[in-house]
1. Along the Cα-to-C-beta direction of His85, a point sits 7 Å from the Cα; which residues of segment 20-37 have their amide N less than 12 Å from that point?
2. Whole-Å semi-axes of the chain's equivalent ellipsoid, largest first, each the root of 5 times a Cα gyration tensor eigenvalue?
3. Please work out the average accessible area per residue across segment 69-161, using the 1.4 Å probe convention, and give it in Å².
4. What is the magnitude of the charge dipole of the chain about its Cα centre, with +1 placed on the Cβ of each Lys and Arg, -1 on the Cβ of each Asp and Glu, and no other charges, expressed in debye to the nearest 20?
5. Ranked from the most accessible area to the least, with a 1.4 Å probe and all protein chains present, what is the order of Glu120, Glu95, Glu48?
6. Using heavy-atom solvent-accessible surface (probe 1.4 Å) with all chains present, what is the largest-first order of Arg176, Arg159?
7. With every protein chain in place, what's the accessible area of Arg131 (1.4 Å probe, Å², nearest 10)?
8. Under 15 Å from the Cα of Lys78, which aspartates and glutamates turn up, not counting those fewer than eight places away in the same chain?
Amino acid sequence: MLYRDWDEAYLTRPPWDVGVPQPAFVALVKDGEIRPGRALDAGCGTGENAIMLARSGCTVAGIDVSPRAIGEAVTKAKAAGPHVHIDFMVGNALELDRYFGPGSFDTAIDSGLFHALADEERPVYARQVHRVLRPGGGYFMLCFSDQQPGEWGPRRVSRGEIERTFAPLFRINYIRDSHFLSNTRDRHPKAYLLSAARA
Ligand code: SAH
């Protein structure tokens, strides 16, 4: 999808923009897998997950190609109060090294960005995330699963593809069956949750 199309998706409420943080990421914070530190939300959309991380004590940067999404995210963060510190920016997650130095983050999250990337973009993106995470830093990714029936929505991702893309650069802790919360016909499409540590 072209970057212009992503911005147009936010003219109305897109199916993924559910107005609350994704339960899978809330659980990672609750279980202490994501702890306070410097966190990046890649493809942050209107910022629900980033704001949740900031509330949990992280210093957060959120990046998205859609100026409309980032505009909404900034408005929500302001409404969340002065203790919520987030740097939201319009930018390309395939060029993270243009905005952030090596090892800038303890944690990176990805809620529905990886599955939206084209095949040839996926390894580029993995290298970019690897570069901006500190050694041992955590990468947590939620993507549409090949166990989800139907053709609608984003392309389904297999466990094998997650392994092939990330194992060269990360230690994979687990790839778990999970789900998205969504505004689509299926409210809980099947997802994989990747937990990995930067090698
Ligand atoms: N994480 C958000 C949005 C998921 S939809 C949420 O959970 O609600 C995928 C998002 O990735 C969209 O907001 C889209 O604008 C953004 N996106 C797509 N390609 C991108 C890229 N190359 N760099 C940064 N953001 C991108």
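1. Only 37 fall inside the zone, counting backbone N under 12 Å.
2. Numbers: eigenvalues 92, 86, 56 Å².
So the three semi-axes of the chain are 21, 21, 17 Å.
3. Numbers: 4070 Å² over 93 residues.
I get 44 Å² per residue for this part.
4. Numbers: 24 positive and 24 negative charges, 97 e Å.
My answer is approximately 460 debye.
5. On the way: Glu120 130, Glu95 60, Glu48 40 Å².
Listed by decreasing accessible area, they come as Glu120, Glu95, Glu48.
6. Values: Arg176 120, Arg159 85 Å².
Solvent-accessible surface, decreasing: Arg176, Arg159.
7. The accessible area comes out at roughly 100 Å².
8. Of all the aspartates and glutamates, those that pass the test against Lys78 - Cα under 15 Å, at least 8 places apart if same chain - are Glu48, Asp87.
The values are calculated or read from the model by the stated rules, or taken from the named source; none is laboratory data. Treat the numbers as computed from the prediction; the structure is a model and nothing was measured. Here the Cβ is made from the backbone with ideal geometry for all residues, glycine too, and neighbour counts use every protein chain on show. The protein model used for the area step is the full one, side chains on, heavy atoms only, and it has no ligands, DNA or RNA in it. Shrake-Rupley method; radii C 1.70, N 1.55, O 1.52, S 1.80 Å.
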